[in-house]
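Chemist: Let me begin by handing over the structure; questions about it come next.
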Amino acid sequence: MKILAVDTSCDESCVAIVDTESWSLLADVVHSHIDAMKRFGGVVPEVASREHLKALPLAVEQALETANCALSDIDWFAVSDRPGLIGALLVGVSYVKAAAYALGKPYTGLNHIEAHLYSPMLATFEGGETPPFPWIALVVSGGHTELFHVKSESEYEWLGGTLDDAAGEAYDKIGKVLGLGYPAGPKLDRLVREMATDEDRRRFAFPVARTGAYDFSFSGLKTAVALETAKEELTDSRRLRIAASAQEAILEALCVKVREASSKLGVPQIVVTGGVACNSRFRVLLSEAYFPMPRHCTDNAAMVAALAAVHLRAGKLVPSPWTQTPSPRAELAPTVS
Ligand code: KG4
Ligand code: ZN
């Protein structure tokens with residue numbers, strides 16, 4: 001069976017195709033809106049919707065060409081229908097529903113956070129292996145910081161998440177305040193990796209929130225960094241020290257909670273996914289964890305197609321009703337099985 005998946009949850013138009021018989025990834029297209037967003041210094045939701053309208057049909061065409069098949073060869077469609085920018089989600093969901101309906105094929109709306117959560121499964125489509133279950137898994141992206149106890153391919157428990165900003169949002173806003181340009185997360189990572197010393201990383205003791213159980217909070221850190229930045233002239237060395245110290249605070253908050261969950265629940269296998277999982281310092285500080293390869297961590301539709309394929313293999317892929325609409329919220333139930 002061939003599954004075509006679409007993800008338009010934020011500012012990348014993504015299309016992927018998997019073959020569930022050969023268990024292989026036939027196409028994985030990611031069209032980033034980075035050029036359209038650069039002049040705004042961040043993602044403008046309405047601009048993202050308009051970019052998806054232009055880029056999605058081209059990305060579908062490109063994916064079909066790479067997979068050497070026609071739209072009519074697709075047996076099942078999958079699409080991220082929550083959470084995300086509502087206008088952006090609408091473009092992908094409407095496209096998939098229209099294509100599936102016209103071709104008389106089923107479609108399934110999937111949760112984008114669940115797709116990130118199970119993105120380690122993607123490795124099996126490229127001849128690799130997935131870490132054995134159970135996992136303590138952290139999904140750290142631009143909009144989410146969520147911690148899970150993953151028991152199997154289809155059973156997980158949500159442990160906690162951020163009370164305010166996501167870790168990726170903290171990276172992006174701190175980088176913006178420091179004038180690092182857009183997208184600030186990867187730029188901050190690179191600057192610190194190439195230039196910072198251990199002393200730079202320890203220069204400022206920015207706050208690490210000690211919130212309850214498995215919660216996270218990054219808004220206080222964001223404010224502390226903004227205040228420190230405004231205090232004196234921002235020379236290159238001050239910029240570097242603030243960036244390096246802020247990164248340590250963000251990553252410490254993440255590492256502490258993940259390790260706590262791992263030891264309290266007796267689950268040694270730690271998995272980190274989502275855009276922030278690309279971060280090079282994070283990979284050093286939490287070296288015991290499994291991090292998927294960077295292109296599987298940032299937004300892509302291959303993880304959505306892989307999730308659909310895994311559900312199909314388990315006999316759990318259910319067609320969504322045509323009346324199902326996208327939602328900006330994650331709507332993660334405390335326990336899903
Ligand atoms: O998963 P993702 O591609 O999209 C969302 O679903 O949000 O994550 C994007 C986020 C952005 O906040 C971006 O700055 C952050 O991931 N990010 C990074 C790095 N690469 C991407 N943050 C820190 N270091 C990186 N290398
Ligand atoms: Zn994402």
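Chemist: So which lysines pass the test for K316, namely a Cα distance under 23 Å, with those fewer than 8 places away in the same chain ruled out?
Modeler: Qualifying lysines at Cα under 23 Å: K2, K97, K105, K151.
Chemist: Follow-up. Starting from the Cα of E46, step 7 Å toward the Cβ, then list every residue of segment 80-94 with an amide N under 14 Å from that point.
Modeler: Inside the label zone: 87-88.
Chemist: On to the next question. What helices does the chain hold that run 24 Å or longer along their axis, going by alpha-carbon atoms, with a Kyte-Doolittle average of -1.0 or more, using DSSP H for the helix calls?
Modeler: Long hydrophobic helices here: 45-67, 86-103, 236-264.
Chemist: Right, here's the next one. Quick check on packing: order 180-189, 123-132, 255-264, 274-283 by the mean number of other C-beta atoms within 10 Å, highest mean leading.
Modeler: 274-283, 180-189, 255-264, 123-132
Chemist: If you take every residue apart from Y182 with its C-beta less than 13 Å away from the C-beta of Y182, what net charge results, scoring Lys and Arg +1 and Asp and Glu -1?
Modeler: +2
Chemist: Name the shape class, rounded, prolate or oblate, that the alpha-carbon gyration tensor gives for segment 182-337, where a ≥ b ≥ c are the square roots of its eigenvalues, rounded holds for a/c under 1.5, and otherwise prolate holds if a/b is larger than b/c and oblate otherwise.
Modeler: Prolate, because a/c is 1.5 or more and a/b exceeds b/c.
Chemist: Which of A226, A27, A243 moves the most in a Gaussian network model of the chain with Cα springs under 10 Å?
Modeler: Between A226, A27, A243, it is A226 that shows the largest mean-square fluctuation.
Chemist: Estimate the FRET efficiency between E61 and Q269 by the formula 1/(1 + (r/R0)^6), using the beta-carbon distance for r and 41 Å for R0, to the nearest 0.05.
Modeler: So the FRET efficiency works out to roughly 0.55.
Chemist: For the chain, with only Lys/Arg (+1) and Asp/Glu (-1) charged at the beta-carbon, what is the dipole magnitude about the Cα centre, in debye rounded to 20?
Modeler: So the dipole magnitude of the chain works out to roughly 600 debye.
Chemist: Now, a different point. Leaving out ligands and nucleic acids, note down the accessible area per residue over segment 16-126 with a 1.4 angstrom probe, in whole Å².
Modeler: 41
Chemist: While we're on this one: If Lys and Arg each add +1 and Asp and Glu each add -1, what is the summed charge of the other residues whose beta carbon sits under 11 Å from the beta carbon of A137?
Modeler: Numbers: positive: K151; negative: E114, E146, E157.
Computed value for this residue: -2.
Chemist: For the residue pair S280 and R313, what label-to-label distance in nm results when each label sits 7 Å from Cα along the Cα-to-beta-carbon direction?
Modeler: The answer from the label model is 3.4 nm.
Chemist: Restricting to DSSP H runs of at least four residues, report the calculated mean residue ellipticity at 222 nm for the chain, -39500 (n - 2.57) per run over all residues, nearest 500 deg cm²/dmol. Walk me through the numbers on the way to the answer.
Modeler: Details: 12 runs with 144 residues, N = 337.
When only DSSP H runs of four or more count, the value is -13500 deg cm²/dmol.
Chemist: Now, a different point. If each residue of separation counts as 0.36 nm, what is the full-extension length gain between I34 and R329 once their alpha-carbon separation is subtracted?
Modeler: Going from the current span to full extension adds 103.8 nm.
Chemist: Could you give the nm distance between label points at S219 and A98, where each point is 7 Å from its Cα heading toward the beta carbon?
Modeler: 3.9
Chemist: Using 0.36 nm per residue, how much length does the chain from E199 to W322 gain when fully extended, once their Cα-Cα distance is taken away?
Modeler: 38.6 nm
Chemist: Moving on to the next point. When the accessible area of the chain is computed with all protein chains present and a 1.4 Å probe, what percentage of it is carbon and sulfur?
Modeler: 54
The values are calculated or read from the model by the stated rules, or taken from the named source; none is laboratory data. Because the structure is predicted, anything quoted here is derived from the model rather than measured. Positions of Cβ are generated from backbone atoms using ideal geometry, with glycine treated the same way; all protein chains shown enter the neighbour counts. Heavy atoms of the whole protein, side chains included, go into the accessibility calculation; ligands, DNA and RNA do not. Shrake-Rupley method; radii C 1.70, N 1.55, O 1.52, S 1.80 Å.
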